[in-house]
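The values are calculated or read from the model by the stated rules, or taken from the named source; none is laboratory data. The model shown is predicted, which means the values in this text are computed figures rather than measured ones. Reconstructed Cβ throughout: ideal geometry from the backbone, glycine too, with neighbour counts over all protein chains shown. When the accessible area is computed, the model is the full protein with side chains, heavy atoms only, and any ligands, DNA or RNA have been set aside. Shrake-Rupley method; radii C 1.70, N 1.55, O 1.52, S 1.80 Å.
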Amino acid sequence: MAAKGTFSPTSAGADQVAAELLARHNTIRQQQRKAALTADVRLVRAAQKHAMWMATNETLAHTGDNGTTPLQRTEHEGYFAASIGENITRGDELVVDVMKKWVGTASYSKNVLNSVFVKVGFGYARGRKFRYYCAVYASAHGARHIEVQRTLTTSGGHFSD
């Protein structure tokens, strides 16, 4: 067996996997009377890069290369949205099994069915041991996410702005 770092993951078949994931997402959304998702190339790039990063590093994590978040990865690809969601998994060989896992997990199911999300990108990579999947969901492009920071002070045990 090759040492970690000498194996190169592959994205062969990623387009077919993405098409099947999109079709299955939209079937589920239609059953729940939700609008269909449409793919966005910028979200696809963010998802694909993250899937490849996970496969290369043999890890499953929402925090990616150099500590990046899903929001940072989508903005790096030029997609700015008020809301971003991400589903990840590894190990499943069939897309139907990925969807069962995502729909059967409360937090991931919320992303699949969230009416705020109108765009999506899927990533897929085959690592040494596992297949890695990443779905990036987003609200409409153009509403740049603004991080609001508040300074809280204490006064008698109560917080105030």
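If you check GLU58 against the conditions, is it surrounded by 13 or more Cβ atoms within 10 Å (Cβ to Cβ) and at negative phi?
Working: surrounded by 13 or more Cβ atoms within 10 Å (Cβ to Cβ): yes; at negative phi: no.
Taking the combined requirement at face value, the residue does not satisfy it.
Please go through (1) farther than 16 Å from ASP40 by Cβ; (2) open to solvent by less than 30 Å² (accessible area, probe 1.4 Å); (3) in contact with a strand residue (DSSP E or B) (Cβ under 6 Å, 6 or more places away or on another chain); (4) not acidic (Asp, Glu) for PHE130 and return the number of the only condition it doesn't satisfy.
(2)
Pull out all pairs, ordered by first then second residue, where Cβ-Cβ is under 8 Å, the residues are six or more apart or on different chains, the first lies in region 94-117 and is closer than 16 Å to GLN31 by Cβ, and the second is at pLDDT 95 or above and of a type in the set (Lys, Arg).
Final answer for the pair search is VAL96/ARG24; MET99/ARG24; VAL112/ARG29; LEU113/ARG29; LEU113/LYS34; SER115/LYS34.
How many residues are among the β-branched types (Val, Ile, Thr) and open to solvent by 40 Å² or more (accessible area, probe 1.4 Å) if we restrict to region 82-116?
Qualifying residue count for the region: 5.
Which residues, taken from region 81-97, are under 19 Å from ALA46 (Cα atoms) and over 13 Å from the mean Cα position of the chain (by Cα)?
ALA81, ALA82 - these are the residues of region 81-97 that are under 19 Å from ALA46 (Cα atoms) and over 13 Å from the mean Cα position of the chain (by Cα).
Here is a check on your reading of the model: is GLY78 of a type outside the set (S, T, N, Q) and either modelled with pLDDT of 95 or more or farther than 20 Å from VAL44 by Cα (or both)? Spell out how you get there, then give the answer.
Working: of a type outside the set (S, T, N, Q): yes; either modelled with pLDDT of 95 or more or farther than 20 Å from VAL44 by Cα (or both): yes.
Answer is yes for this residue.
Just one of the numbered conditions (1) under 14 Å from ALA138 (Cβ atoms); (2) open to solvent by 40 Å² or more (accessible area, probe 1.4 Å) is not true of ALA12; which one?
With (1) under 14 Å from ALA138 (Cβ atoms); (2) open to solvent by 40 Å² or more (accessible area, probe 1.4 Å) applied to ALA12, the lone miss is (1).
Limited to region 65-81, what total is found for residues that are crowded, with 22+ Cβ neighbours inside 10 Å and in contact with a helix residue (DSSP H, G or I) (Cβ under 6 Å, 6 or more places away or on another chain)?
Of the residues in region 65-81, 3 are crowded, with 22+ Cβ neighbours inside 10 Å and in contact with a helix residue (DSSP H, G or I) (Cβ under 6 Å, 6 or more places away or on another chain).
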